[in-house]
1. Given the conditions (1) among the aromatic types (Phe, Trp, Tyr); (2) part of a helix (DSSP H, G or I); (3) more than 16 Å from the ligand (Cβ to nearest atom), report the number of the one that residue 225 does not fulfil.
2. Return the pairs, sorted by first residue and then second, in which the second residue is of a type in the set (Asp, Glu), the first residue lies in segment 422-451 and is part of a helix (DSSP H, G or I), the beta carbons are less than 9 Å apart, and the residues are 6+ apart or on different chains.
3. So in segment 154-176, with the set limited to residues that are within 23 Å of the chain's Cα centre (by Cα) and either without any contact (Cβ under 8 Å) to a residue 24 or more places away in the chain or closer than 10 Å to residue 204 by Cβ (or both), which one is surrounded by the fewest Cβ atoms within 10 Å (Cβ to Cβ)?
4. May I ask you to verify whether residue 372 is under 19 Å from residue 29 (Cα atoms), more than 21 Å from the chain's Cα centre (by Cα), crowded, with 19+ Cβ neighbours inside 10 Å and not hydrophobic (A, V, I, L, M, F, W, C)?
5. State the number of residues belonging to segment 175-213 that are in a helix (DSSP H, G or I) and farther than 16 Å from residue 145 by Cα.
6. Give segment 230-244 a look and list any residue that's in a loop (DSSP other than H, G, I, E, B) and either of a type outside the set (Ser, Thr, Tyr) or at pLDDT below 95 (or both), or say none.
7. Given (1) assigned to a loop (DSSP other than H, G, I, E, B); (2) over 15 Å from residue 376 (Cα atoms), where does residue 49 come up short, assuming only one miss?
8. Do we find a residue being closer than 30 Å to residue 111 by Cβ, of a type in the set (Val, Ile, Thr) and modelled with pLDDT of 95 or more anywhere in segment 246-253?
Amino acid sequence: MPHYPPEPFRIKMVESVRLISRPEREAALRTAGYNLFALNAEDVFIDLLTDSGTGAMSQEQWAGIMRGDESYAGARSYQRLARVVQEIFGFELFVPTHQGRAAENILANLLIQPGNQVPSNMHFDTTEGNIRARGGLPVNLVIDEAYDPQNRHPFKGNMDIAKLTAFIEATGVENIPFGSITVTNNAGGGQPVSMENLRAVADTYHRYNIPFFIDCCRFAENAYFIKTREPGYAEKSTREIAREMFDLADGTWMSAKKDAIVNIGGLLAVRDPRLFQQVCNQLILREGFVSYGGLAGRDLEALAIGLEEGLEEDYLAYRLGQTAYLANRLLEAGIAVIEPSGGHAVYVDAGRLLPHIAPADFPGQALSAALYLEGGIRSVEIGSVMFAHPDPETGKMVHPRLELVRLAIPRRTYTQSHMDFVADTFIKIKESKDGLRGFRFTYAPELLRHFTARFEPV
Ligand code: PLI
């Protein structure tokens, strides 16, 4: 008996992966300064660093790549994408971008003044970075349940409406250029946001005339969670649900490298024609003409096809089933993960597994390093390495509430036996976990430091 719906595809092309020897892994990790981003991908056996741009494209997408129209302006592939964006998102005004953070950069550049604050359930790191880079302050207002890994609230990505209202009143509308929400909530466990909450968030922003943007890179997974978990949505298609989500918003940006199952791409859509004009001007300055935005015509074609494939329900059932399978195997082995399992990744509670390593010594980094050494598995720390920052007033380090390791599952890429190998590796690590040590920085940049920091063992 399979443990989750069988893959609704078969494999037509393969890419070899190899588990290099333990001494080779030790040397690779040392050379990388104990930062898994600095490893050569060939030295990784199962790569769960990210689900971003790492999925397998379908035969339709590859065929689309061959049909891509590379005209500089008004390409056929752009028009196809525009039709799909209009149908799925309901936005007439949009531009392609080369990825999600390019859209964030344009938006932050146009809308954020120093001292402004931008609320969300939880901002992801690039969004935080782009807001801070313009002198703004990202503010996370997710419900408290999100910080309790064992709380099985079905929509732990929800925003706390009371906190949001209090935040707006305290900050002043004039200091809030826009409000956002991330679906699913990547920084908080890939947890979905309910339609009821999206509606309440939109109502709250709109009551104060604050434009509402959705950071929507995993919107299809969010829509499927709504279908399966929220009363009243079982009979609606994920496509209808997605449209209902976007109808609430004044704009959205997407890293298409997630739910559109492409290796590169993004988009930014707005309703306000005046803002759209400014977006186009910025895009031309930084990314490319409005009908390609830093992408090739073939990328636009694959993106248009991937947006539709990413909403297919048999695919989503398998996709979320695979994540839940890995989460359940870890839970059965007594390894705490964020529950219920999220969409694109399993988030292991490293703080709980390694209580002898203080947040300042980066327990998530210690667990990530151990996973690589034990099984050649690459994960990413989502804890103090990524999010700890000095308090602007006191200068004291503020640590995030959870020290997590994310196992992000690329789309349509790994099989159930890969998931079993990952779970078995965790079980081995658990047996000798008390011997694991923390890490300290030998180099750390000011913003987005997890990408390029270097470490040494404490
Ligand atoms: O990696 P980009 O620039 O295409 O997208 C940035 C980005 C924006 N929002 C959210 C919620 C993300 O998850 C995100 C990128 N995520 C990455 C790379 C990840 O590994 O989760």
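The values are calculated or read from the model by the stated rules, or taken from the named source; none is laboratory data. Bear in mind the structure is a predicted one, so any value in this text is a computation, not a measurement. Counting neighbours? That spans all protein chains shown, and the Cβs are built from the backbone with ideal geometry, glycine included.
1. Unmet condition: (3).
2. Listed pairs, sorted by first residue: 423/332; 425/374; 426/374; 428/374; 429/374; 450/125; 450/381; 451/125.
3. Just the residues of segment 154-176 that are within 23 Å of the chain's Cα centre (by Cα), to begin with: 154-161, 164.
Keeping just the survivors that are either without any contact (Cβ under 8 Å) to a residue 24 or more places away in the chain or closer than 10 Å to residue 204 by Cβ (or both) gives 159-161, 164.
Numbers: 159: 27, 160: 19, 161: 15, 164: 23.
For segment 154-176, the residue satisfying everything is 161.
4. Details: under 19 Å from residue 29 (Cα atoms): yes; more than 21 Å from the chain's Cα centre (by Cα): yes; crowded, with 19+ Cβ neighbours inside 10 Å: yes; not hydrophobic (A, V, I, L, M, F, W, C): yes.
It is true that residue 372 is under 19 Å from residue 29 (Cα atoms), more than 21 Å from the chain's Cα centre (by Cα), crowded, with 19+ Cβ neighbours inside 10 Å and not hydrophobic (A, V, I, L, M, F, W, C).
5. Adding up the residues that qualify gives 13.
6. The answer is 230, 231, 232, 234, 235, 236.
7. All conditions pass for residue 49, except number (2).
8. Filtering segment 246-253 for residues closer than 30 Å to residue 111 by Cβ gives 246-253.
Narrowing the set further to residues that are of a type in the set (Val, Ile, Thr) leaves 252.
Among the residues that remain, those that are also modelled with pLDDT of 95 or more are: 252.
So far as segment 246-253 goes, yes, one or more of its residues are closer than 30 Å to residue 111 by Cβ, of a type in the set (Val, Ile, Thr) and modelled with pLDDT of 95 or more.
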